[in-house]
Amino acid sequence: MNTYSIVLYIHLLALLLAITAATLVTYASLQLRAATTPPDVGRWGGLIERVVPAFPIAALTLFGSGAYMTQDAWTWSTPWIDAAIAGLAMLVIIGEGIHASRGRALKKEVMANGMSERAKGLLRDPIAWSANMTTLTLVLAVVFVMTAKPGAGGSSATLIVAFFAGIAAAVPFWRTAPQTETPAVTEPAA
């Protein structure tokens, strides 16, 4: 066993952390989208808030361990390494710049006005859903470039396809929130 193997293991653990966090956030977002009361929003929004701190830990660990491995066995001009770094940067920008700000806006609206029309609109916000789904597709793209190690063209194409696939996957969530079943009203027996 050498240092590179240990660092690779740490790198893979960070990757698993990022994938797990992205999956939990997506699940909670789906539950949040179906929320009909402020406590529902609080419960699922709270789960997202508890999971989000895993992203910077995963990102820093991925970058640090990746930097060590690049310095030890690769070069900084290797196309798939550059693509993985670009994908990681995109994930941070999307997470902190878009997804987090939309989540804060939803929380603020629900706290101030309950399940207002604006709150319901924020639950199906196209930008927030695009950010959410693009996070998943970019994580998969980064995993792909790290394992397949394509050249510059393939690495760039992978990130571009992942970005647009995330937006396309979000389109169904842009529409109205899922309808919850309402109990039928029956006339009392005479």
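The values are calculated or read from the model by the stated rules, or taken from the named source; none is laboratory data. Keep in mind it's a predicted model, so treat the numbers as computed, not measured. Counting neighbours? That spans all protein chains shown, and the Cβs are built from the backbone with ideal geometry, glycine included. Remember, those area values only see protein heavy atoms, side chains included, never the ligands or the DNA or RNA. Shrake-Rupley method; radii C 1.70, N 1.55, O 1.52, S 1.80 Å.
Observations
- Residues satisfying the stated conditions in the stretch 112-129, i.e. farther than 20 Å from Ala169 by Cβ, among the hydrophobic types (A, V, I, L, M, F, W, C) and touching a residue at least 24 places away in the same chain (Cβ under 8 Å): Met115, Ala119
- Every residue from the stretch 1-22 that is at pLDDT below 95 and among the small types (Gly, Ala, Ser): Ala18, Ala21, Ala22
- Within the stretch 21-40, the set of residues being without any contact (Cβ under 8 Å) to a residue 40 or more places away in the chain, crowded, with 16+ Cβ neighbours inside 10 Å and within 19 Å of Lys108 (Cβ to Cβ) comprises just one member, Ala28.
- The lone exception for Pro53 - which of (1) open to solvent by 40 Å² or more (accessible area, probe 1.4 Å); (2) under 25 Å from Thr134 (Cα atoms); (3) touching a helix residue (DSSP H, G or I) at 6+ places or on another chain (Cβ under 8 Å) it fails: (3)
- Any hit, the stretch 92-101, residues being surrounded by 19 or more Cβ atoms within 10 Å (Cβ to Cβ), within 16 Å of Val143 (Cβ to Cβ) and touching a residue at least 24 places away in the same chain (Cβ under 8 Å): no
- Cross-chain or 6+ apart pairs with Cβ under 6 Å, the stretch 1-13 first and in contact (Cβ under 8 Å) with a residue 60 or more places away in the chain, then part of a helix (DSSP H, G or I): Tyr4/Asp72; Val7/Ser65; Val7/Tyr68; Val7/Met69
- Arg43 vs. criteria closer than 15 Å to Lys107 by Cα, under 18 Å from the mean Cα position of the chain (by Cα), without any contact (Cβ under 8 Å) to a residue 24 or more places away in the chain and open to solvent by 70 Å² or more (accessible area, probe 1.4 Å): no
- Among residues of the stretch 49-75, those that are farther than 14 Å from Ile19 by Cα and of a type outside the set (Asp, Glu), counted: 14
- Qualifying residue in the stretch 146-165 (condition: closer than 21 Å to Thr61 by Cα, buried (at least 16 other Cβ atoms within 10 Å of the Cβ) and over 16 Å from the mean Cα position of the chain (by Cα)): yes
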